[in-house]
Amino acid sequence: MKIKKLRDVLDYRTKVHINHNHGIRIYSITDNNDRIVGSFVIDINCDEYGNEYFGSGHLQDLSLSKEYIGIGISKLVFQILLNESRKTGYQSINLSVQSDNTPAINLYISLGFRIENRIENKILMTLDM
């Protein structure tokens, strides 16, 4: 099904899946037919006793499903997902992006991320929650 309008995705659900074996927390948005609209993966930080703590999370993967690309919802989807991670208790989220990926960098800046450092061909960015 090709999504043509923003209103086609306004009825959504957020889900959080925790996989302690792989040390990740997956945040996703699904539409009313349980198709994934977008998702991101944050690593799980644990103390020496195995208890999770939420100081700073590293965003490992960020994606929007193909049928939702090009209809102007990526910022909305990622704002919702960041809000879910804020509810979890993260104080900041960081990520790295290829320095030549201007559309992604612009999206992250529009979401409130700031550039922390440049290392070779990567840019390190942080968002304080």
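Every condition in (1) touching a Ser or Thr at 6+ places or on another chain (Cβ under 8 Å); (2) of a type outside the set (A, V, I, L, M, F, W, C); (3) free of Cβ contacts under 8 Å to residues at least 24 places away in the same chain is met by ASP43 except one, and the failing one is (1). Confirm whether GLU48 is at pLDDT 75 or above and either assigned to a loop (DSSP other than H, G, I, E, B) or under 12 Å from the mean Cα position of the chain (by Cα) (or both). Against the criterion (at pLDDT 75 or above and either assigned to a loop (DSSP other than H, G, I, E, B) or under 12 Å from the mean Cα position of the chain (by Cα) (or both)), GLU48 qualifies.
Restricting attention to segment 65-97, which residues are in contact (Cβ under 8 Å) with a residue 24 or more places away in the chain, outside any helix (DSSP H, G or I) and over 11 Å from the mean Cα position of the chain (by Cα)? Hits for segment 65-97 are SER65, ILE71, GLY72, ILE73, GLY89, TYR90, GLN91, SER92, SER96, VAL97. Within segment 51-64, residues that are at pLDDT below 80 have Cβ atoms under 7 Å from residues that are surrounded by 15 or more Cβ atoms within 10 Å (Cβ to Cβ) and of a type in the set (Ser, Thr, Tyr) in these pairs: PHE54/THR88; PHE54/TYR90, counting only partners at least 6 apart in sequence or on another chain.
Taken over segment 46-57, the criterion of being surrounded by 16 or more Cβ atoms within 10 Å (Cβ to Cβ) and out of contact with any helix residue (DSSP H, G or I) (no Cβ under 7 Å at 6 or more places or on another chain) is satisfied by SER56 alone. Checking each residue in segment 3-21 for being open to solvent by 50 Å² or more (accessible area, probe 1.4 Å) and at pLDDT below 75 picks out LYS4, LYS5, LEU6, ARG7, ASP8, LEU10, ASP11, TYR12, ARG13, HIS20, ASN21.
Residue count for segment 96-116 satisfying the condition of being open to solvent by less than 30 Å² (accessible area, probe 1.4 Å) and over 22 Å from ILE36 (Cα atoms): 3. Scanning segment 102-129 for residues that are more than 14 Å from the chain's Cα centre (by Cα) and under 27 Å from ASP31 (Cβ atoms) yields PRO103, ASN106.
Candidates in segment 58-71 are the residues that are more than 17 Å from ARG86 (Cα to Cα) and polar (S, T, N, Q); of these, the one that is surrounded by the fewest Cβ atoms within 10 Å (Cβ to Cβ) is SER63.
The values are calculated or read from the model by the stated rules, or taken from the named source; none is laboratory data. Worth saying up front: this structure is predicted, and the values here are computed from it rather than measured. Quick reminder, even Gly has a Cβ in these numbers, built from the backbone with ideal geometry, and neighbours come from all protein chains shown. Each accessible area value is taken on the protein alone, full model and side chains, heavy atoms only, with ligands, DNA and RNA left out. Shrake-Rupley method; radii C 1.70, N 1.55, O 1.52, S 1.80 Å.
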